Amino acid sequence: MAGAEPELLWEPTEKFKQRTQLTRFMRWLAEERGVEARDYHALWEWSVSDLEAFWSAIWDFFEVEAQEPYEQVLARREMPGAEWFTGARLSYAQHIFRGKDDAAAAIHHASELRELDTMTWGELRELTAGIAAGLRALGVGPGDRVAAYMPNMPETIAAFLATASIGAVWSSCSPDFGARSVVDRFAQIEPKVLLAVDGYRYNGRDFDRRETVEGIAKKIGARVVWLGYLDGSGWEEGFLGEPGELEFEQLPFDHPLWVLYSSGTTGLPKAIVQGQGGILLEHLKKMNLHLDAQAGDRVFWFSTTGWMMWNFLVGVLLTDAEIVLYDGSPGHPDLGVLWDLAERTGMTCFGTSAAYLASCMKDGVKPRAGRDLSALRSVGSTGSPLSPEGFRWVYDQLGEDTWLFSTSGGTDVCTAFVGGCPLLPVHMGELQARALGAKVEAFDEQGQPLVGEMGELVITEPMPSMPLFFWDDPDGERLRESYFDMYPGIWRHGDWIEITDRGTAIIYGRSDSTINRGGVRMGTSEIYRAVLDIDEIVDALVVDVPREGEESWMPLFVVLRDGGSLDSELEREIARRIREECSPRHVPNEVFAIAEVPRTLSGKVLEVPVKRILMGTPPDRAASRDSLQNPSALDWFSELVAKSHERRA
């Protein structure tokens with residue numbers, strides 16, 4: 001909460017600032033638009049108060065090409081239902097390839113199956129054209145859906161760009177998703193074609209997915225196009241069309257580009273539709289001005305094709321930077337595999353999850369030991385709040401010149417709306433700033449803005465990449481329920497956030513899993529920070545379960561280091577840490593040792609589903625097992641409920 005300014009960990013040098021694209025943008029605004037912003041905070045204030053001027057400046061600064069010009073920047077300024085750049089016709093994929101040298105590198109890629117290799121822009125263009133021709137031959141046209149059950153590899157990016165180039169709508173799941181989870185997603189959008197691999201390798205093991213794919217295709221009614229990944233045979237014979245000129249359909253600004261999905265931990269995943277133009281403008285802004293991706297940069301973000309960070313990484317191709325892909329386990333043969341990749345590729349930006357950085361810290365990984373990481377300029381972290389100890393670890397291990405940017409955003413907008421800014425300092429445990437064009441605020445329960453206090457993360461003005469609609473939600477009821485029920489006309493994201501008086505931000509975790517004890521609200525990340533600082537504990541989960549007529553029950557579940565035991569001494573230490581570092585009211589009622597914490601495929605802790613199980617919801621209704629990394633981890637909690645019922649009987 002509000003208090004003394006936290007430790008300063010990094011500050012950009014004047015030389016660093018001058019080379020950023022954000023500085024160039026600010027100069028251009030002054031010269032071309034007469035907008036004189038004295039610093040980033042003034043620029044942000046202008047960007048969210050004069051939306052039309054800001055987004056038209058993004059359009060002009062990045063020289064967006066449209067077959068038909070726009071008539072109005074923001075014809076309808078309401079949420080939901082904002083209407084952006086009406087009348088414009090353009091192509092997202094065209095902007096990816098625009099101005100690229102065919103001989104230059106586009107993608108560096110490696111996997112557990114393939115050695116490190118590079119794909120040039122010419123090779124990517126040719127493969128994209130071939131896939132586009134193959135899709136057209138199968139009758140795919142504008143508005144049709146193309147689904148992919150493929151790993152993080154160059155062929156998947158080419159398939160997406162081919163789909164976008166013909167105006168079809170892309171949607172993808174990682175091949176480690178279970179069949180039911182895939183059907184729950186793809187059946188909603190009724191794809192005409194399913195692009196699928198025969199299998200994949202993870203953690204040193206091969207997984208054959210042919211039977212799974214055939215079952216999925218039957219249930220969603222799609223024609224399968226195979227890519228031999230495990231056997232190395234490539235695209236099925238006859239699919240790729242003859243190499244030719246890559247053509248780009250010119251589409252309305254709000255023509256669907258892709259469908260992303262909510263995590264699906266409770267109920268059917270929401271099928272979130274985002275537009276060609278909205279994603280184009282948001283990603284031009286984000287990758288250039290906030291990520292500062294430039295010529296000579298090699299940007300990596302560890303992701304699968306089932307997480308929005310894959311789509312985000314593809315967006316980096318809108319810049320002059322190259323991207324780095326990896327398909328496989330980040331812990332095989334050990335947690336050094338991604339740091340090895342950073343050295344081998346000359347990576348300049350290492351993007352990952354907070355959970356991965358925490359694992360490296362706990363396991364004593366030393367990224368620079370025996371590796372030349374001199375090219376590495378920045379580290380990005382997302383997925384969950386990065387603890388102050390995580391910040392410290394990055395600077396201890398990678399050096400004081402590293403720009404660490406912790407970010408927070410969402411699948412719902414396919415971007416980070418709080419996070420990195422290359423012109424601002426990095427303080428321990430804080431996100432640097434709110435993103436340009438994203439009017440993020442902290443609200444209390446009455447809808448009043450807060451500064452220096454934790455509140456609901458809201459967005460009070462529309463953004464172009466917000467969902468056009470949810471698939472199969474014709475009257476928009478599900479979309480309104482998801483974001484606009486608590487504060488009508490204002491987007492409530494579902495996170496707790498604090499905006500400091502310096503304009504930085506702190507994310508405290510999901511607001512629907514926040515623990516309120518005796519009127520003191522606390523994000524679960526604060527409790528985890530205290531508990532995970534204990535050497536014997538490697539992972540944790542905490543929930544607060546309401547009980548009728550009595551005080552709520554707050555159990556803490558911990559995963560112990562190998563050989564550890566949960567004895568009375570460790571329980572006392574846990575209570576002491578939480579009492580001193582968090583709040584006496586948040587000392588757990590009971591502590592349990594478990595084998596593993598249940599997580600989604602993107603690594604998020606399943607606090608709310610576990611809470612629902614402990615309140616009596618059957619596990620299969622509390623969470624979709626196919627959307628989990630470790631579905632069997634839920635069984636422990638249902639067994640705990642059963643034993644509790646036996647004792648009461």
Checklist entry - Does the range 138-188 hold any residues that are at pLDDT 95 or above and of a type in the set (Ser, Thr, Tyr), and which are they? => result Tyr149, Thr156, Thr163, Ser165, Ser171, Ser172
Checklist entry - Which members of the range 349-373 meet the condition of being among the β-branched types (Val, Ile, Thr) and either open to solvent by 50 Å² or more (accessible area, probe 1.4 Å) or within 15 Å of Phe302 (Cα to Cα) (or both)? => result Thr352
Item to check | Residue in the range 542-551 that is open to solvent by 50 Å² or more (accessible area, probe 1.4 Å), out of contact with any Lys or Arg (no Cβ under 8 Å at 6 or more places or on another chain) and small (Gly, Ala, Ser) present | outcome: yes
Next on the checklist: For the range 130-164, which positions are assigned to a loop (DSSP other than H, G, I, E, B), touching a Leu at 6+ places or on another chain (Cβ under 9 Å) and of a type in the set (A, V, I, L, M, F, W, C)?
Outcome noted: Met150, Met153
Checklist outcome for this item: Being assigned to a loop (DSSP other than H, G, I, E, B) and either within 22 Å of the chain's Cα centre (by Cα) or polar (S, T, N, Q) (or both) narrows Ser525, Ser482, Ser565 down to just Ser565
Next on the checklist: Out of everything in the range 502-522 that is at pLDDT below 95 and not in a strand (DSSP E or B), what residue ends up being surrounded by the most Cβ atoms within 10 Å (Cβ to Cβ)?
Outcome noted: Ser513
Item to check | Test for Ile537: is it without any contact (Cβ under 8 Å) to a residue 40 or more places away in the chain and surrounded by 22 or more Cβ atoms within 10 Å (Cβ to Cβ) | outcome: yes
Checklist entry - Which ones in the range 570-586 are β-branched (Val, Ile, Thr) and more than 21 Å from Val538 (Cβ to Cβ)? => result none
Next on the checklist: Looking at the range 370-389, can you tell me whether even one residue there is of a type in the set (S, T, N, Q), farther than 27 Å from Leu468 by Cα and assigned to a strand (DSSP E or B)?
Outcome noted: yes
Checklist entry - In the list Gly489, Gly476, Gly452, which residue meets the criterion of being in contact (Cβ under 8 Å) with a residue 40 or more places away in the chain, within 23 Å of Pro385 (Cβ to Cβ) and either of a type in the set (Ser, Thr, Tyr) or open to solvent by less than 40 Å² (accessible area, probe 1.4 Å) (or both)? => result Gly452
Item to check | Conditions (1) touching a Leu at 6+ places or on another chain (Cβ under 6 Å); (2) crowded, with 17+ Cβ neighbours inside 10 Å; number of the one not met by Leu570 | outcome: (1)
Next on the checklist: Checking the conditions here, which among Leu113, Leu90, Leu135, Leu74 is at pLDDT 95 or above, open to solvent by 40 Å² or more (accessible area, probe 1.4 Å) and more than 18 Å from Val316 (Cβ to Cβ)?
Outcome noted: Leu113
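The values are calculated or read from the model by the stated rules, or taken from the named source; none is laboratory data. As the structure is a prediction and not an experimental result, all values here were calculated from the model. Note: ideal-geometry Cβ built from the backbone for every residue, glycine included; neighbour counts use all protein chains shown. These accessible areas exclude ligands, DNA and RNA; they are computed on the full protein's heavy atoms, side chains included. Shrake-Rupley method; radii C 1.70, N 1.55, O 1.52, S 1.80 Å.
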